[in-house]
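The values are calculated or read from the model by the stated rules, or taken from the named source; none is laboratory data. Bear in mind the structure is a predicted one, so any value in this text is a computation, not a measurement. Glycine also receives a Cβ, built like all others from the backbone with ideal geometry; neighbour counts cover every protein chain displayed. Note: accessible area is taken over every heavy atom of the protein model, side chains too, but ligands, DNA and RNA are not part of it. Shrake-Rupley method; radii C 1.70, N 1.55, O 1.52, S 1.80 Å.
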Amino acid sequence: MNVKNMNTPPKSYLHKFKKLLNYVLRSNEFYRKKFKAAGVTNTNQINTWDDFYNLPFTTRDELIKDQHKRPPFGSNLTRPISEYSFVIRTSGTLTGKPFQQPLTPEEFNRFADVMARGYREMGVKKGDVICYFTSSYAYPLFYETSRLLGTRMVPIEDYKSIDFFEKIKYLKINTLHSFPTAIFELIELAQERHIDLKRLGVRKIFTIGEVGGGHPPTKAYFEKMSGAKVIDHIGALESGTFATECTNPNTYHILENLFITEVFEPSSNRPAKKGELVLTSLWRRDYPLIRYRTGDMIEIDNSTCPCGKISPRLKGGILGRTTGQVKLRSYFIFPEEIERTIRQYHEVKEYQIICNKDNGVDNVDIYLEISVTTNKDCFNMLTAQLQETIGFQPKIYPLLPKTLPRFGSRKGKRFHDFRITQGQTPFKISPYRKAIALLLIFVFNWNNRLNNFRKYISVTENITR
Ligand SMILES: [Zn+2]
C-alpha cells in the first residue's frame, strides 16, 4: 500500500490514464496479469489518485526478465507483434542489460511528436538547420521529429573529420544536438585547428545526458567558446523528451499532459520531494510503462516558477542513479557529484575516476588532463574541492592533453569502481607522457614532490602492467 503521493497531478491526467488503462487491459498480457494480481481487472476500479497510487510499480528488471522469457520483446505488447515496425533499445552500458522497446507506427509518431514538443519548448523554429550527434539507429526518429518541426536535418557521419567545420558553415547548420562530451571535444578540435567556433553560425546547442549542459559552469564555458545559446534537456527511451531547461538556472520543466510524475525515497518507497522518479508515460500505449521506476534521482518543486510556468519542475535535472550511489569509506556519494566538481574547471580537458582498494581501504585515483599552462592555484583549488566532495583526499594525477580516451558521440564513461570486481583500467600511458606527467606533478605540488613521485611510480606501473 502506498501513501498518497505529495505531488498530485491535475484530475485531467487521471482521465487520460483511465483511457490508457482501458486500452491496455483489453489486450496487453503483461499488465493484465500484473494488475489482476493486485485485484484490478477493470478501469472502473480506478476513480481517485489513491486508486492509482495503489497500482504496483513496474521495474526495468521485470520487463527485461519478461523479454528473456518471451524473446524478443516479452509480453508487454498491446498490439499483435507483427504491427511493431521499429525497435529502440538501451545499450545496457549503465545496467549491463540491453532493454528492447518496440514501436508501432502510431507509437513511433507519438514518440517523434513528444520530441518535437520538447524542441519547440527549447526554441527550435521552422527553417532551423539541425545536426544531431547521435547513433544512426535513432536517425529515423530524429528525421520524423525534424519533419514535424519544419527544420532541416543534416546527418553527419564524423564530426572529427577535417571538413566538419566547413560543412557547418556551408550547410548553414545553426543548431547542434549532442551529449556534452562531444561538445567538449568539438571545442578542443576547433582550438587545435585554430577555428573560431563563434564564426560558424551555430546559434543553439541542445545538450542531453551526462553532467554538462545544465551544469552552470559547463554551460557558461560552452556558450563562451561557441557563441551559441546552450539549452539542456532530459529524456530517455521510456519517456521521449521528458523535461526541458527553463531560463532560470538549474530548473527543468516537465512537458505538460504527457506524464504522471511521482517521486519516492528509494529505500523506504515513501513519497518524497527528492528521490527516485517514477514515471507513467501517458502517450505510451503499445509498449506501456505504468508507474515505471526509472532509477533516476530527482528533486521536484511544485511551486510556480519565476518564469511563470506552473508545471512541476526538477531542481538540478537528474541528480544521479538510485543504484549509482557508492560508499567510499564512510561517505555516500554519487559519481556525478565528483564529475560536477571537476567540470567547474575548464582547464581540465578530460578525466577518469578510478576507485580501488589500497590495503583494504577505499581509494580514489583521479586522472586529469590539463593544459601545461594551468595555473597552480587553480589546480590546488580543484584538489581541495575534490577532497570536500568525496570526504577524503583522492590521489590526483595531472596528465598531458590527449592522454585519456575520447568518446565521440557516445556517452562518456569516466567512473570505474574496481573495488569488488577487478577491472581493466581503460587507458595506458606512454613513457613520454609519464615523464611529462611527472613534471606536471613536480610543478603543481612541489611541496610534496617526493611523496607524489613515489605514488605516481606505483600507480603508473600498475596501469601498464
Ligand atoms: Zn521556469
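Scan the range 131-163 for residues that are more than 23 Å from the chain's Cα centre (by Cα), acidic (Asp, Glu) and modelled with pLDDT of 90 or more and the total you get is 0. One residue stands out among those in the range 321-346 that are assigned to a strand (DSSP E or B) and within 27 Å of residue 370 (Cα to Cα): the one that is farthest from the ligand (Cβ to nearest atom), which is 328. What do you reckon, is residue 218 open to solvent by less than 10 Å² (accessible area, probe 1.4 Å), within 16 Å of the ligand (Cβ to nearest atom) and of a type in the set (S, T, N, Q)? Judged against the criteria, residue 218 is not a match.
For residue 371, the criteria (1) in contact with a strand residue (DSSP E or B) (Cβ under 6 Å, 6 or more places away or on another chain); (2) more than 16 Å from the ligand (Cβ to nearest atom) hold in every case but one, which is (1).
If you check 290, 318 for being closer than 15 Å to residue 214 by Cβ, part of a loop (DSSP other than H, G, I, E, B) and more than 16 Å from the ligand (Cβ to nearest atom), only one passes: 318. Only a single criterion out of (1) within 16 Å of the ligand (Cβ to nearest atom); (2) open to solvent by 10 Å² or more (accessible area, probe 1.4 Å); (3) outside any loop (DSSP other than H, G, I, E, B); (4) under 30 Å from residue 83 (Cβ atoms) is not satisfied by residue 256, namely (3). In the range 165-172, is there at least one residue being open to solvent by 30 Å² or more (accessible area, probe 1.4 Å) and aromatic (Phe, Trp, Tyr)? Checked against the condition, which is being open to solvent by 30 Å² or more (accessible area, probe 1.4 Å) and aromatic (Phe, Trp, Tyr), the range 165-172 yields at least one hit. Looking only at residues in the range 262-292 that are modelled with pLDDT of 95 or more and open to solvent by 10 Å² or more (accessible area, probe 1.4 Å), the one that is farthest from the chain's Cα centre (by Cα) is 285. A search for C-beta distances below 6 Å between a residue of the range 331-344 that is in contact (Cβ under 8 Å) with a residue 24 or more places away in the chain and of a type outside the set (A, V, I, L, M) and any residue that is open to solvent by 30 Å² or more (accessible area, probe 1.4 Å) and part of a helix (DSSP H, G or I), counting only pairs 6+ apart in sequence or on different chains, returns 337/389; 341/385; 341/389; 344/217.
So, of the residues in the range 87-97 that are open to solvent by 50 Å² or more (accessible area, probe 1.4 Å) and part of a loop (DSSP other than H, G, I, E, B), which turns out to be modelled with the highest pLDDT? Filtering first and then ranking leaves 97.
Taken across the range 293-314, residues that are in contact with a helix residue (DSSP H, G or I) (Cβ under 7 Å, 6 or more places away or on another chain), open to solvent by less than 50 Å² (accessible area, probe 1.4 Å) and among the hydrophobic types (A, V, I, L, M, F, W, C) do not occur at all.
Counting only residues that are under 19 Å from residue 10 (Cα atoms) and not in a strand (DSSP E or B), the range 259-283 holds 4 of them.
How about the range 230-239: which of its residues are over 27 Å from residue 98 (Cβ atoms) and within 16 Å of the ligand (Cβ to nearest atom)? Of everything in the range 230-239, just one residue is over 27 Å from residue 98 (Cβ atoms) and within 16 Å of the ligand (Cβ to nearest atom), namely 231. Please find, within the range 240-251, the residue that is nearest to the ligand (Cβ to nearest atom) out of those that are of a type outside the set (Val, Ile, Thr) and surrounded by fewer than 24 Cβ atoms within 10 Å (Cβ to Cβ). Of everything passing the filter in the range 240-251, 246 is nearest to the ligand (Cβ to nearest atom). Screening the range 298-314 for residues that are under 18 Å from residue 280 (Cα atoms) and at pLDDT below 90 and picking the one that is farthest from the ligand (Cβ to nearest atom) gives 302.
Conditions tested, residue by residue: (1) under 28 Å from residue 28 (Cβ atoms); (2) open to solvent by 60 Å² or more (accessible area, probe 1.4 Å).
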site: 76; (1), (2): yes, no
site: 85; (1), (2): yes, yes
site: 99; (1), (2): yes, no
site: 120; (1), (2): no, yes
site: 132; (1), (2): no, no
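When the test is whether a residue is within 16 Å of the ligand (Cβ to nearest atom) and more than 24 Å from residue 212 (Cα to Cα), residue 269 does not pass it.
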